[in-house]
1. Report the relative contact order of the chain, percent, no decimals, based on alpha-carbon pairs under 8 angstrom and at least 6 residues apart.
2. Note the direction-averaged projected area, equal to a quarter of the hull surface, for the Cα convex hull of the chain, in nm².
3. Return the whole-Å distance between the Cα centroid of region 86-103 and the Cα centroid of region 125-189.
4. Quick check on the exposure proxy: order Thr94, Thr41 from fewest to most C-beta atoms within 10 angstrom.
5. Please give the peptides 100-108, 174-182 ranked by average Cβ packing (other Cβ atoms within 10 Å per residue), highest first, as a rough proxy for protection.
6. Work out from phi, with θ = phi - 60° and the Karplus expression 6.51 cos²θ - 1.76 cosθ + 1.60, the ³J(HN,Hα) of each residue of region 100-115, listed in order in whole Hz, and give x for Gly and Pro.
7. Given R₀ = 41 Å, FRET efficiency for Ser87-Gln165 by Cβ-Cβ distance, to 0.05?
8. Compute, for the chain, the length of the dipole vector about the Cα centre, with Cβ point charges of +1 (Lys, Arg) and -1 (Asp, Glu) only. Units Debye, rounded to 20.
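Please treat every number below as a calculation from the coordinates, not as lab data. Being a predicted model, the structure only gives us computed values, none of them experimental. With ideal geometry, Cβ positions are generated from the backbone for all residues, glycine too; neighbour counts draw on all protein chains shown.
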Amino acid sequence: MKLRFIKMSSLLVFSVITGINGVHSQELEGSWEGKLNVQGTELLLIFDIKKENDSLTGTLDSPLQGAFGLPLDEVKLADDQVTLSYSKIGATFTGTLQDETITGTFKQSGQEFPLVLQKVEKTVPGDQSLPSSDKELKQLAAYDQGNYKYEVEDYFAKPKASSFQFSPDGKYMSYREKDENAKNHVYVKNLETDQITRAITEKDELVRGYGWANENRLIYVMDKGGN
């Protein structure tokens, strides 16, 4: 009876430890964001952690550097200690997991930077109701069936509208369109209501370029006496 009790106790302890590791793995799954302060410049890093079978995998994003989906070589969780590595650039992050925060150090090329990662809900930018429906996509695909003929003049004609840009929140689309006097004005279309508004009028001076300053404001560059 005593020998059996020892075996059962060992099995119980093993089960409890396994359960804790499983809970920690679930806590590590998800998206984590933090900002490195490199010589006064903030560099956003995003780690996406997933659990596949019994292993943790992950990717690294650095939006400011145009790097997305870099596969991590190591995603390790031992008790509350986290290790994330990407060997191609010699980068390693080690930290302590507590609730929805990982506090640690980012190391690369012999340099060390403090880094705090916060768990975030990763979303896709823009209005997700705007993409075409399945019905609309099928209708577009159907246009490929048939024999359509175009005039040479239409094929080589310059487009009436150009310089299309979406607002940061995806609610508006701006573009430039010429009028009958060859003036290139800037228009904004509300993608929910299809309402079109002329936002920038080109008069005697040319509008050299424009862009979105934020969700509600445009900025533009215009000549002034040829300058």
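1. Values: 346 pairs, mean separation 21.2, N = 227.
It comes to 9 percent, rounded to a whole number.
2. Values: hull surface 96.1 nm².
Spelled out: convex hull of the Cα atoms, projected over all directions, averaged, 24.0 nm².
3. One Cα centre to the other: 44 Å.
4. Values: Thr94 16, Thr41 9.
With the fewest neighbours first, Thr94, Thr41 line up as Thr41, Thr94.
5. Values: 100-108: 16.4, 174-182: 13.1.
Listed from highest to lowest mean packing, they are 100-108, 174-182.
6. My calculation for region 100-115 gives 10, 9, 10, 9, x, 10, 9, 10, 7, 6, x, 9, 10, 9, x, 8 Hz in order.
7. Numbers: r = 38 Å, r/R0 = 0.94.
That gives a FRET efficiency of 0.60.
8. Numbers: 26 positive and 34 negative charges, 78 e Å.
Computed charge dipole of the chain: roughly 380 debye.
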